[in-house]
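S.K.: Dropping a structure here in structure tokens format, bear with me for questions.
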Amino acid sequence: MKKVGNHNSNSRKMFLSLAMMLAFSFSSFAQDAAPAAPTEAAPAAATTGGDPVKGKALFNSNCAACHKLDAKSTGPALRGVADKHEKEWLYKWIHNSSDMIKSGDPAAVKLFNENNKSVMTSFPQLSNEDIDNIIAYTSEPKAEPAAALPGAQAGADAAQGSGSNNNVILGVLALVLVVLVVMLFMVNNVLRKVAKANGIEVAPKAQRTPIWKAFVKNQFLVLVSCVFLLLASGYFVYGYLMQVGVDQDYQPIQPIHYSHKIHAGDNEINCKYCHSAARVSKTAGIPSLNVCMNCHKNISEVAETTATPEYSKAFYDAQIQKLYDAVGWDKTTQSYTGKTQPVKWVRIHNLPDFVYFNHSQHVTVGGIECQTCHGPVETYEIQKQFAPLTMGWCVDCHRKTDVKMEGNGYYKKIHEELSKKYGVEKLTEAQMGGLECGKCHY
């Protein structure tokens, strides 16, 4: 039999070729499957002497506070304004509209009266070129709405789907790595059989390169492994960071033990009796201790049947005494002593400062039950944060919740118009504009 010294070298070369073919096939598949990257849209046919890209920036900084392109706001809709007025007239109007109204210009007076006599801010700082750019922007044709979903909803869907997309990518990378390892063993096995069939003696096992050295020398495998580890690490770090600020199931110990199970459950006290601000205010509010004393002036101890193996009657009685100490109530003389102590309640639900949430809008107007967001509080001995209170959770609720129209004159006209638009009898909060960014962020 003859020895071939470069057998291992040939084996590596063949494996490397096969691996490169697999990688090329995978990358081709990924390119074919991935949607084409969006290219910067060329400006629409601009009006004479105007740049719509610069005009958009000028419009947003100077005009957007009072005007929309396709709907009336404080001022009229501005799309196609160049078709309604001469350019020279627009120059004068934008530079100083008040002077044109005082001069008795018919078009200026008419526009002033049609818009509730709202005085338009003068913009003497805008050059004619700036105004040309704004006119070019307002002259662009209206973009067609997306066929599948409204823009805001599609964007939210994309955000929700990003997690599943990451899982798919991570799974594909793991599969590629497994396939490469399997191919390594298969190629090695095939080459051994070919060598044996041709009378080629394979180098003794003792002379083979250790697998870790072979791995280090194989630049392709090292590269794939590094990329895989980087992506996997990024994925798990991203998942961890996305949980920062999410305090679902947070259940702190309060300075005075308050049992929602006893109050809202056993005694069926309505949530809005204690949290009365939820009906009329942005926040539900922490009930004042005077609200507690409405009942506990007369209830200084609990019944024996209230006690549980975990919380004894003596424990509950001690909590009522803490309440008396805080408000300065002497149960013996049935009078206030004037000696009070602050109760340092621990906040449970805490939204970021950039999130706007109005309790009265949901509780009074929307008719949403407290349990929808706060869980079955009537079963909680110790109150906890029931929901994650993330953006995705709120958006999902807006998509599923029907707006209650009965007896609500505010929504009546909007309901009729949007019902025809969507072809449905009941509208969800999302269809009523509940996915618009400005509704919750300001």
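The values are calculated or read from the model by the stated rules, or taken from the named source; none is laboratory data. All values derive from a computational prediction rather than experimental measurement. FYI the Cβ positions are ideal-geometry reconstructions off the backbone, even for glycines, and counts take in every protein chain you see.
S.K.: Name the one entry in Tyr356, Tyr380 that is among the aromatic types (Phe, Trp, Tyr), out of contact with any Ser or Thr (no Cβ under 6 Å at 6 or more places or on another chain), surrounded by 16 or more Cβ atoms within 10 Å (Cβ to Cβ) and assigned by TED's automatic domain parsing to the domain that holds Lys272.
M.R.: So the residue among Tyr356, Tyr380 that is among the aromatic types (Phe, Trp, Tyr), out of contact with any Ser or Thr (no Cβ under 6 Å at 6 or more places or on another chain), surrounded by 16 or more Cβ atoms within 10 Å (Cβ to Cβ) and assigned by TED's automatic domain parsing to the domain that holds Lys272 is Tyr380.
S.K.: Can you name the residue in region 405-435 that is closer than 25 Å to Gln248 by Cα and assigned to a loop (DSSP other than H, G, I, E, B) and, of all such residues, is farthest from the chain's Cα centre (by Cα)?
M.R.: Among them, the one singled out is Glu429.
S.K.: Then there is this: Which condition breaks for Ser259 when tested against (1) over 30 Å from Glu301 (Cβ atoms); (2) touching a helix residue (DSSP H, G or I) at 6+ places or on another chain (Cβ under 8 Å)?
M.R.: Going through (1) over 30 Å from Glu301 (Cβ atoms); (2) touching a helix residue (DSSP H, G or I) at 6+ places or on another chain (Cβ under 8 Å) one by one, Ser259 breaks only (1).
S.K.: OK, next. Take the residues in region 136-153 that are surrounded by fewer than 13 Cβ atoms within 10 Å (Cβ to Cβ) and not charged (D, E, K, R), then tell me which one is modelled with the highest pLDDT.
M.R.: Filtering first and then ranking leaves Pro141.
One line per residue, one yes/no per condition, for (1) small (Gly, Ala, Ser); (2) modelled with pLDDT of 85 or more; (3) not assigned by TED's automatic domain parsing to the domain that holds Thr364:
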position	(1), (2), (3)
His398	no, yes, no
Val403	no, no, no
Gly409	yes, no, no
His415	no, no, no
Leu418	no, no, no
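S.K.: Applying the selection to region 323-367, what residues are under 35 Å from the mean Cα position of the chain (by Cα) and among the aromatic types (Phe, Trp, Tyr)?
M.R.: If the condition is that a residue be under 35 Å from the mean Cα position of the chain (by Cα) and among the aromatic types (Phe, Trp, Tyr), then Trp345, Phe354, Tyr356, Phe357 are the ones that fit.
S.K.: Same structure again: Could you count how many residues in region 325-349 are of a type outside the set (A, V, I, L, M, F, W, C), surrounded by 12 or more Cβ atoms within 10 Å (Cβ to Cβ) and in contact (Cβ under 8 Å) with a residue 24 or more places away in the chain?
M.R.: 2
Here's the yes/no breakdown for (1) touching a Lys or Arg at 6+ places or on another chain (Cβ under 9 Å); (2) within 18 Å of Tyr380 (Cα to Cα); (3) not β-branched (Val, Ile, Thr); (4) not assigned by TED's automatic domain parsing to the domain that holds Leu389:
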position: Gln251; (1), (2), (3), (4): yes, yes, yes, yes
position: Glu268; (1), (2), (3), (4): no, yes, yes, no
position: Val280; (1), (2), (3), (4): no, no, no, no
position: Ser300; (1), (2), (3), (4): yes, no, yes, no
position: Trp345; (1), (2), (3), (4): no, yes, yes, no
position: Leu351; (1), (2), (3), (4): no, no, yes, no
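S.K.: Out of all the residues in region 35-49, is one or more surrounded by 12 or more Cβ atoms within 10 Å (Cβ to Cβ), over 30 Å from Lys196 (Cβ atoms) and at pLDDT 50 or above?
M.R.: Checked against the condition, which is being surrounded by 12 or more Cβ atoms within 10 Å (Cβ to Cβ), over 30 Å from Lys196 (Cβ atoms) and at pLDDT 50 or above, region 35-49 yields at least one hit.
S.K.: Quick one: Glu201 ticks every box in (1) touching a strand residue (DSSP E or B) at 6+ places or on another chain (Cβ under 8 Å); (2) surrounded by 13 or more Cβ atoms within 10 Å (Cβ to Cβ) except a single one, so which number is it?
M.R.: So the condition that Glu201 fails would be (2).
S.K.: Scan Thr372, Thr401, Thr390 and give me the residue that is of a type in the set (Ser, Thr, Tyr), within 27 Å of Ile262 (Cβ to Cβ) and out of contact with any Gly (no Cβ under 7 Å at 6 or more places or on another chain).
M.R.: Just a single option satisfies the conditions, and that option is Thr372.
S.K.: Next up: Could you grab me the full set of residues in region 351-365 that are closer than 27 Å to Lys426 by Cα and touching a residue at least 60 places away in the same chain (Cβ under 8 Å)?
M.R.: Tyr356, Phe357, Asn358, His359, Ser360, Val363, Thr364
S.K.: Being part of a loop (DSSP other than H, G, I, E, B) and either touching a residue at least 40 places away in the same chain (Cβ under 8 Å) or not acidic (Asp, Glu) (or both) is the filter here, so list the residues in region 97-119 that pass it.
M.R.: Correct list: Ser103, Gly104, Asn115, Asn116, Lys117, Ser118, Val119.
S.K.: Same structure, new question: Answer yes if at least one residue in region 232-239 is touching a Lys or Arg at 6+ places or on another chain (Cβ under 6 Å) and either exposed (fewer than 15 other Cβ atoms within 10 Å of the Cβ) or in a helix (DSSP H, G or I) (or both), and no otherwise.
M.R.: no
S.K.: Can you name the residue in region 210-231 that is assigned to a helix (DSSP H, G or I) and among the polar types (S, T, N, Q) and is also nearest to Ala174 (Cα to Cα) among such residues?
M.R.: Once the filter is applied, the top-ranked residue is Ser225.
S.K.: OK, next. Kindly list, by first and then second residue, each pair from a residue in region 226-242 that is assigned by TED's automatic domain parsing to the domain that holds Leu177 and among the aromatic types (Phe, Trp, Tyr) to a residue that is surrounded by 11 or more Cβ atoms within 10 Å (Cβ to Cβ) and assigned to a helix (DSSP H, G or I), limited to pairs with Cβ atoms under 7 Å and residues at least 6 apart or on different chains.
M.R.: Phe228/Leu173; Phe228/Leu177; Tyr235/Asn166; Tyr235/Leu170
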